[in-house]
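Nothing in this text is a laboratory measurement; each read-out follows from the coordinates by a stated rule. Predicted model only: the values in this text are computed from it and were never measured. Here Cβ is always computed from backbone atoms with ideal geometry, including for glycine, and neighbour counts include all displayed protein chains.
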Amino acid sequence: MAVSSVSAYSTAASSEVTQAVTSELDKDAFLKLLIAELSNQDPLNPMDDREFIAQMAQFSTLEQMTNMTKALEDMASMENYSAVSYVGKMVAFDYTDSEGTVTPVADVVVAVWFDSTDGVMLETATYGDIPLKQIDGVTTYSAASAS
């Protein structure tokens with residue numbers, strides 16, 4: 001009778017941890033699952049060494065993927081802030097007027113801002129807001145070369 005209650009507790013703990021893993025899939029949930037599995041295993045029939053090593057390898061892979069995701073997110077945010085260096089520079093882009101005519105133009109960037117829909121936006125002196133992804137080229141701007 002005592003064995004069945006321990007087994008029921010073990011099953012409940014494992015299912016609780018398994019639900020956490022499927023909903024979040026983070027390394028903390030994986031460790032909780034592994035600890036629950038090790039603490040509730042049958043002492044007369046312990047976990048196979050190969051199985052334990054395989055689970056540790058899975059944990060290592062999960063941790064590396066988490067670190068890589070964080071690094072990629074950091075790189076994406078750095079790209080946004082690097083657009084600030086465009087302020088005061090001459091940028092080339094295709095401008096579409098109200099009639100739908102597309103013309104290659106160049107203008108000076110006066111400000112940079114971030115839009116949740118369009119991403120990084122460059123505000124130009126003459127043509128208004130241009131998405132960063134539409135910029136074809138960038139050069140330094142001097143008032144002497146403009147005249």
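Placing a label point 7 Å from the Cα of THR139 along the Cα-to-Cβ direction, the residues of region 87-116 with a backbone N closer than 16 Å are 88-94, 104-109. Judged by the ratio a/c of the largest to the smallest principal axis of the C-alpha gyration tensor, region 87-146 counts as oblate, that ratio being 1.5 or greater while a/b is no larger than b/c. Segment THR103..MET75, full-extension length gain: 6.8 nm, with 0.36 nm per residue of separation and the alpha-carbon distance subtracted. Partners of LYS133 within straight-line reach, counting lysines whose Cα lies under 28 Å from its Cα and excluding those fewer than 8 residues away in the same chain: LYS70, LYS89.
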